[in-house]
Amino acid sequence: MVNAGDMNGSGNLMDFLDEPFPDVGTYEDFHTIDWLREKSRDTDRHRKITSKSKESIWEFIKSLLDAWSGWVVMLLIGLLAGTLAGVIDLAVDWMTDLKEGVCLSAFWYSHEQCCWTSNETTFDDRDKCPQWQKWSELLVSQSEGASAYILNYFLYIMWALCFAFLAVSLVRVFAPYACGSGIPEIKTILSGFIIRGYLGKWTLLIKTVTLVLVVSSGLSLGKEGPLVHVACCCGNFFSSLFSKYSKNEGKRREVLSAAAAAGVSVAFGAPIGGVLFSLEEVSYYFPLKTLWRSFFAALVAAFTLRSINPFGNSRLVLFYVEYHTPWYMAELFPFILLGVFGGLWGTLFIRCNIAWCRRRKTTRLGKYPVLEVIVITAITAIIAYPNPYTRRSTSELISELFNDCGALESSQLCDYINDPNMTQPVDDIPDRPAGPGVYTAMWQLALALVFKIVITIFTFGMKIPSGLFIPSMAVGAMAGRMVGIGVEQLAYHHHDWIIFRNWCRPGADCVTPGLYAMVGAAACLGGVTRMTVSLVVIMFELTGGLEYIVPLMAAAVTSKWVADAFGKEGIYEAHIHLNGYPFLDVKDEFTHRTLATDVMRPRRGEAPLSVLTQDSMTVEDVETLIKETDYNGFPVVVSKDSERLIGFAQRRELILAIKNARQRQDGVVSNSIVYFTEDPPELPPNSPHPLKLRRILNLSPFTVTDHTPMETVVDIFRKLGLRQCLVTRSGRLLGIITKKDVLRHMAQMANQDPESIMFN
C-alpha cells in the first residue's frame with residue numbers, strides 16, 4: 001500500500017495490490033512518453049531510497065550503489081563504444097585494401113601494416129613491398145599493362161558489390177532498424193518517442209558488422225553518424241541492467257544523451273566536441289548532471305580508442321594534422337566564400353536527397369532496396385576506380401587533402417617545382433610554383449568533387465548504415481584544397497599585389513592549402529547539419545590547433561546563414577519530417593495568432609469527447625469504450641451532465657488494471673461499478689463488488705483555458721514534454737490537445753501537409 005501523497009499517478013495501481021504489477025508505467029510502441037510523470041516517479045523512487053537508507057547499513061549501501069550506478073553505466077558505455085569503434089576502424093582499413101590486393105605474409109594485414117613489417121621497404125617506395133601483391137600480380141603475375149588494369153578494375157567492382165550485397169541482406173533479414181544514419185531517430189527517441197527494437201542488441205550487432213562492410217565497399221558514406229547509433233545501442237543495453245534506468249524512460253534518455261556524446265567522441269576523436277554535439281544537435285532534455293556524465297563517457301570512450309590505436313599514429317582519427325603557418329586577415333575572404341559554398345551545397349543536398357527519399361517511399365523503387373544498393377554500388381565502383389581520389393577510402397582522401405606539403409610528402413598535390421638552392425627547415429617550405437602533378441591533381445579533384453556531390457544524394461537514405469559527416473567533409477575539403485592552391489599560386493606569382501604585399505614576401509611560406517581544405521570541410525558539414533559551436537570544436541580537436549578557430553567560425557556561421565536563407569531545416573530534421581515522427585523542434589518558432597480552442601478536439605460537427613465518469617460506469621462500459629476507440633487516455637469527469645474535470649486515466653493502465661483485477665480480486669465482474677473517488681458510491685444491495693481505480697488516476701493533469709494562445713501551448717508542450725493537455729473553461733472540460741494535434745496545426749500553419757504527422 002502507498003500513502004496518500006502518492007496519488008499523482010506515480011504510486012501503486014490499485015488499492016488491493018501490495019506491489020505494482022508487470023508493465024506498469026510502460027508505453028506502447030510508437031507512442032510518446034509523459035516526461036512529467038517519469039520525473040515524478042523518479043522523485044518518488046529517490047525519496048523512498050533516501051528514507052530507507054537511514055534504517056540500516058545495508059539500505060545505506062544500496063543507496064550508495066544507486067547513486068553510483070549512473071557513473072558505472074557511463075564507464076561501461078565508454079569502454080564498449082571505444083572498443084567497437086577501434087574494431088570497426090581496423091576492419092575497415094583491412095577490407096578497403098582487400099579490394100585492391102592482399103598481404104601474402106598475413107592476409108589480415110592492411111596494405112600499410114603489411115609494408116611496415118617488411119624489411120625490404122625503402123622510404124621512397126614505402127607503399128611498395130614484395131609481401132603486398134595486387135590481385136593481378138597474384139592471379140596472372142602482371143603488375144602493369146592493360147590486362148592487369150582490367151583485372152584489378154573488375155575485382156575492385158566485384159569486392160564492392162559483394163560487401164554491399166552482404167550488408168543490405170544482413171540489414172533486411174536480421175535488423176531493419178540498422179539502416180540509415182540513425183541520428184534522426186535518436187533525436188526523436190531523445191525527445192520522448194518510443195521505437196522498440198531501434199536500440200536493441202540485434203541492431204547493435206548488425207549495425208557494427210554492416211558498417212564495416214558498407215564503408216569498405218567504397219560507397220559515398222561515412223561511419224561517424226552510425227557510430228552515434230552504435231553508442232546509443234550500448235547505452236540502451238547497459239541501462240537495461242539497472243532498474244533505475246530500465247523502469248524509467250526519462251532517466252533512460254539521460255543515459256542515451258551521454259551515449260551520443262561518446263559516439264561522436266570516438267567518431268572524431270573529439271570528446272569535448274561530442275558533449276557539445278549531444279547538447280546542441282541531438283538532446284531534448286539535458287540537465288547539468290547529464291553534462292558531467294556525458295563528459296565522463298566521452299573521456300572513457302576516447303581513452304579506450306586511444307589504447308587500441310587503430311591507425312598506428314597515436315591519434316584517434318586518420319586525418320589528424322598540424323599546420324605551422326599562421327593565417328592572415330586577407331584570407332578571411334576566401335574562407336567566407338567557402339562558407340557560402342558550404343551553405344549552397346547543404347541546401348542543394350537536403351532538397352535533392354529529400355526529393356529522392358520521398359520518391360523512394362511513394363513509388364515502386366522502395367520495394368527493391370537490395371537492387372537499389374547493388375545498382376548504386378556498381379555505379380560508384382565503376383566511376384570511382386579510374387580516379388585515384390575517389391578510389392581510395394573517403395577518410396584517406398580527407399587526410400591527404402588536409403595535409404600540409406612537407407619535404408617528405410610524395411602526394412601529387414605536393415608536386416611543386418623546387419628551388420635547387422632551397423635550404424629552409426622542413427617545417428617552413430616557402431610557396432613554390434605548381435608542378436605538373438598539382439595541375440593533374442586539380443582536374444582529378446574537380447571531377448571527384450562533381451561525382452561526390454551527385455552520388456551522395458542517391459546514397460544517403462538507402463537500406464544500409466550510412467553516415468553523412470565524411471562525404472560532406474570530403475566535398476568541402478576538395479573544394480577548399482582547390483581554392484587554397486589557387487590562392488597560393490596567386491600569392492606566389494603576384495606577391496606585389498596590394499592584398500599580398502604586407503604579408504607574403506617572395507621566399508615566404510604564406511598560404512597553407514590544407515587549412516583551406518579543413519575550412520571547406522567544416523563549411524559543408526555545417527551547411528548540411530546546421531551545427532555551429534560543436535562543429536567548430538570538433539574541427540579544432542581534429543587538427544589540434546586553437547589558432548584556426550576564427551577561420552572555422554567564420555566559415556561555419558556563413559554556411560549556416562546562407563543555408564538558413566533557403567530553409568531552416570537541417571538534414572536530420574528534414575528526415576524526421578519525412579518519416580512523420582512527432583518531433584517538436586525547439587528551434588522552430590510559432591508566430592501565428594491562433595487559440596487553444598482552434599486546435600482542440602472535438603471540433604465542431606465531430607462526436608463528443610470520450611470520457612469516463614467518476615462513479616457511474618461499469619467495467620463493461622469502460623472495456624467497450626477502450627475497444628471502440630484508440631485514444632491513449634481518457635479524461636475523468638464528475639458526470640456527463642456537469643463535465644467537471646477530476647483527472648486523467650491512461651488507456652494502457654486502465655487495460656492492465658481491469659485485467660489484473662479480474663484475475664486477482666474476487667467479485668469483480670462485467671457489471672461491477674468502476675469508481676475513481678476516495679469512497680465507494682452508494683450501491684443497491686446485492687450489487688457486485690465495485691472496482692476502485694483511483695491509484696491510476698492522474699489528479700493533476702495539465703490544463704489550459706480555451707482562450708490560451710497556441711504560442712503558449714506550443715511552448716508548454718516543448719518545455720514540459722507533455723503528451724496531452726486538457727482544455728477547460730471554469731473547470732468544465734471542453735476538449736483535449738495532443739502532441740500530434742500541435743504538430744499537425746504547426747504543419748498546417750506552415751502550408752505543409754498535416755497528415756504527414758503519423759504517430760502520437
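The values are calculated or read from the model by the stated rules, or taken from the named source; none is laboratory data. From a predicted model like this one, the values you see are computed outputs, not experimental measurements. No Cβ is skipped: glycine too gets one built from the backbone with ideal geometry, and neighbour counts run over all protein chains shown. To get the accessible areas, we keep the full protein, side chains included, count just its heavy atoms, and leave off ligands, DNA and RNA. Shrake-Rupley method; radii C 1.70, N 1.55, O 1.52, S 1.80 Å.
Points worth noting:
- Some residue of the range 153-167 being in a strand (DSSP E or B) and of a type outside the set (Phe, Trp, Tyr): no
- Breaking point among (1) open to solvent by 40 Å² or more (accessible area, probe 1.4 Å); (2) under 19 Å from the mean Cα position of the chain (by Cα), for Leu348: (2)
- Test result for Phe295, touching a residue at least 12 places away in the same chain (Cβ under 8 Å), open to solvent by 50 Å² or more (accessible area, probe 1.4 Å) and in a helix (DSSP H, G or I): yes
- Checking the range 481-502 against the condition returns a match, with at least one residue being open to solvent by less than 20 Å² (accessible area, probe 1.4 Å) and in contact with a His (Cβ under 7 Å, 6 or more places away or on another chain).
- Residue that is open to solvent by 10 Å² or more (accessible area, probe 1.4 Å) and not hydrophobic (A, V, I, L, M, F, W, C), where the choices are Ser243, Ser217, Ser257: Ser243
- Glu711 meets each of the listed conditions (1) of a type outside the set (S, T, N, Q); (2) on the phi < 0 side of the Ramachandran plot; (3) assigned to a loop (DSSP other than H, G, I, E, B) apart from (3).
- Close contacts from the range 310-335, counting a first residue that is more than 23 Å from Pro471 (Cβ to Cβ) and free of Cβ contacts under 8 Å to residues at least 60 places away in the same chain and a second that is open to solvent by less than 40 Å² (accessible area, probe 1.4 Å) and of a type outside the set (Ser, Thr, Tyr), with Cβ to Cβ under 9 Å and a gap of 6+ residues or different chains, come to Met329/Trp503.
- Just one of the listed residues (Val537, Val550, Val586) is assigned to a helix (DSSP H, G or I), β-branched (Val, Ile, Thr) and under 23 Å from the mean Cα position of the chain (by Cα), namely Val537.
- Test result for Asp34, at pLDDT 85 or above, outside the structural domain of Leu299 (by the TED database), open to solvent by less than 50 Å² (accessible area, probe 1.4 Å) and in contact with a His (Cβ under 9 Å, 6 or more places away or on another chain): no
- Of the residues making up the range 456-474, just one is aliphatic (A, V, I, L, M) and open to solvent by 10 Å² or more (accessible area, probe 1.4 Å), namely Ile457.
- Residue match in the range 363-370 (condition: part of a helix (DSSP H, G or I), open to solvent by less than 40 Å² (accessible area, probe 1.4 Å) and at pLDDT 90 or above): yes
- Scanning the range 183-201 for residues that are out of contact with any Ser or Thr (no Cβ under 9 Å at 6 or more places or on another chain), buried (at least 23 other Cβ atoms within 10 Å of the Cβ) and outside any helix (DSSP H, G or I) turns up just one, Leu199.
- Those helices (runs of 4 or more DSSP H) of the range 243-291 in which at least 1 residues are more than 27 Å from Ser395 (Cβ to Cβ), considering only elements entirely within it, cover 243-246, 249-268.
- Complete set of residues in the range 93-111 that are touching a Lys or Arg at 6+ places or on another chain (Cβ under 9 Å) and surrounded by fewer than 22 Cβ atoms within 10 Å (Cβ to Cβ): Glu100, Gly101, Val102
- In the range 701-713, the residues that are within 15 Å of Leu36 (Cβ to Cβ) form Cβ pairs under 8 Å with partners that are open to solvent by less than 10 Å² (accessible area, probe 1.4 Å) and in a helix (DSSP H, G or I), at six or more places apart or across chains, as follows: Val704/Ala596; Val704/Val713.
- Taken over the range 637-683, the criterion of being among the small types (Gly, Ala, Ser) and either under 14 Å from Ile696 (Cβ atoms) or in contact with a strand residue (DSSP E or B) (Cβ under 7 Å, 6 or more places away or on another chain) (or both) is satisfied by Ser639, Gly647, Ala649, Ala657, Ala661, Ser670, Ser672.
- Hits in the range 25-49 (condition: outside any helix (DSSP H, G or I), of a type outside the set (Phe, Trp, Tyr) and at negative phi): Thr26, Glu28, Asp29, His31, Thr32, Ile33, Asp34
- Boolean, Phe303 is outside the structural domain of Val264 (by the TED database) and in contact (Cβ under 8 Å) with a residue 40 or more places away in the chain: no
- A single entry from Arg664, Arg695 fulfils the requirement of being of a type in the set (Lys, Arg), touching a residue at least 40 places away in the same chain (Cβ under 8 Å) and open to solvent by less than 80 Å² (accessible area, probe 1.4 Å): Arg695.
- Qualifying residue in the range 479-499 (condition: of a type in the set (Phe, Trp, Tyr) and touching a residue at least 60 places away in the same chain (Cβ under 8 Å)): yes
- Selection status of Val714, open to solvent by less than 10 Å² (accessible area, probe 1.4 Å) and in contact with a helix residue (DSSP H, G or I) (Cβ under 9 Å, 6 or more places away or on another chain): yes
Let's see how each residue does on (1) in a helix (DSSP H, G or I); (2) open to solvent by 40 Å² or more (accessible area, probe 1.4 Å); (3) not small (Gly, Ala, Ser):
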{"position": "Arg306", "(1), (2), (3)": "yes, yes, yes"}
{"position": "Phe311", "(1), (2), (3)": "no, no, yes"}
{"position": "Glu331", "(1), (2), (3)": "yes, no, yes"}
{"position": "Asn353", "(1), (2), (3)": "yes, no, yes"}
{"position": "Ala381", "(1), (2), (3)": "yes, no, no"}
{"position": "Tyr389", "(1), (2), (3)": "yes, no, yes"}
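- Filter result for Leu337 (out of contact with any Ser or Thr (no Cβ under 8 Å at 6 or more places or on another chain), open to solvent by 10 Å² or more (accessible area, probe 1.4 Å) and at pLDDT 90 or above): yes
- Residue that is of a type outside the set (A, V, I, L, M, F, W, C), part of a strand (DSSP E or B) and in the same structural domain as Ile736 (by the TED database), where the choices are Pro680, Pro635: Pro635
- So Ile549, is it of a type in the set (Val, Ile, Thr), closer than 26 Å to Ile457 by Cβ and not assigned by the TED database to the domain that holds Ala302: no
- Count - residues of the range 585-619 that are touching a helix residue (DSSP H, G or I) at 6+ places or on another chain (Cβ under 9 Å), of a type in the set (Asp, Glu), open to solvent by less than 70 Å² (accessible area, probe 1.4 Å) and touching a residue at least 24 places away in the same chain (Cβ under 8 Å): 1
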